[in-house]
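S.K.: Take a look at this one; I'll ask things after.
The values are calculated or read from the model by the stated rules, or taken from the named source; none is laboratory data. Here the structure is a predicted model, which is why all the values come from computation and not from measurement. Note: ideal-geometry Cβ built from the backbone for every residue, glycine included; neighbour counts use all protein chains shown.
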Amino acid sequence: MSEKIAITTQGLIKFYGNLQALRGLDLEVRRGEIFGFLGPNGAGKTTTIRCLLDLIHPNGGTARVLGIDPQADPVPVRARTGYLPGELALDPNM
């Protein structure tokens, strides 16, 4: 894997029951590149990010963040990234 690649996915697939949220997503974002996910509700933007952070598991394909497989080694990926969901729910005791 090249040191110049920050994020890569190959054939990323995710199902929620019978609904296919990701249909073989191929993506490459180079270090220093600014990349935005744009699309309507249900397009797979949040699903992709959650797969990249190992918050959910894809049904197929591969993903790498900074050369690390998030499903095999999620801690270093999460230590080097930030994610603020659109609908944040915190424990009321926090």
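S.K.: Can you tell me which residue is nearest to Ala6 (Cα to Cα) among those in the stretch 40-79 that are among the small types (Gly, Ala, Ser) and surrounded by 16 or more Cβ atoms within 10 Å (Cβ to Cβ)?
M.R.: By that ranking, first place goes to Ala63.
S.K.: I'd like the residue in the stretch 1-34 that is closer than 22 Å to Thr81 by Cα and in contact with a helix residue (DSSP H, G or I) (Cβ under 8 Å, 6 or more places away or on another chain) and, out of all such residues, is surrounded by the most Cβ atoms within 10 Å (Cβ to Cβ).
M.R.: Of everything passing the filter in the stretch 1-34, Leu12 is surrounded by the most Cβ atoms within 10 Å (Cβ to Cβ).
S.K.: Evaluate the stretch 49-65: report whether one residue or more is outside any helix (DSSP H, G or I) and touching a residue at least 60 places away in the same chain (Cβ under 8 Å).
M.R.: Within the stretch 49-65, the first condition is being outside any helix (DSSP H, G or I), and the residues that meet it are 53-65.
Cutting the leftovers down to touching a residue at least 60 places away in the same chain (Cβ under 8 Å) gives us 64.
Yes, the stretch 49-65 contains at least one residue that is outside any helix (DSSP H, G or I) and touching a residue at least 60 places away in the same chain (Cβ under 8 Å).
S.K.: Moving to a separate point now. Could you figure out which of (1) at pLDDT below 95; (2) surrounded by 13 or more Cβ atoms within 10 Å (Cβ to Cβ); (3) assigned to a loop (DSSP other than H, G, I, E, B) isn't true of Phe37?
M.R.: Answer for Phe37: the failing condition is (2).
S.K.: If you check Gly86 against the conditions, is it in a loop (DSSP other than H, G, I, E, B) and in contact with a Ser or Thr (Cβ under 9 Å, 6 or more places away or on another chain)?
M.R.: On the way: in a loop (DSSP other than H, G, I, E, B): yes; in contact with a Ser or Thr (Cβ under 9 Å, 6 or more places away or on another chain): yes.
It is true that Gly86 is in a loop (DSSP other than H, G, I, E, B) and in contact with a Ser or Thr (Cβ under 9 Å, 6 or more places away or on another chain).
S.K.: Which of the residues belonging to the stretch 66-76 are among the aliphatic types (A, V, I, L, M) and either within 13 Å of the chain's Cα centre (by Cα) or assigned to a strand (DSSP E or B) (or both)? If you could, list the steps in order and put the result at the bottom.
M.R.: Restricting attention to the stretch 66-76, the residues satisfying the condition of being among the aliphatic types (A, V, I, L, M) are 66, 68, 72, 75.
Across the stretch 66-76, the qualifying residues are Leu66, Ile68.
S.K.: Something else: Search the stretch 1-35 for residues being in contact (Cβ under 8 Å) with a residue 40 or more places away in the chain and of a type outside the set (A, V, I, L, M), and hand back the single one that is farthest from Thr48 (Cα to Cα).
M.R.: Filtering first and then ranking leaves Glu3.
S.K.: Can you find even one residue in the stretch 8-22 that is of a type in the set (Gly, Ala, Ser), assigned to a loop (DSSP other than H, G, I, E, B) and over 10 Å from the mean Cα position of the chain (by Cα)?
M.R.: Yes, the stretch 8-22 contains at least one residue that is of a type in the set (Gly, Ala, Ser), assigned to a loop (DSSP other than H, G, I, E, B) and over 10 Å from the mean Cα position of the chain (by Cα).
S.K.: Regarding Val29, is this residue under 15 Å from the mean Cα position of the chain (by Cα), among the aliphatic types (A, V, I, L, M) and part of a strand (DSSP E or B)?
M.R.: Taking the combined requirement at face value, the residue satisfies it.
S.K.: A further question on this structure: Within the stretch 64-83, which residues are closer than 11 Å to Leu52 by Cβ and of a type outside the set (Asp, Glu)?
M.R.: Once the filter is applied, which keeps residues that are closer than 11 Å to Leu52 by Cβ and of a type outside the set (Asp, Glu), the stretch 64-83 yields Arg64, Val65, Leu66, Ile68, Pro70, Gln71, Pro74, Val77, Arg78, Thr81, Tyr83.
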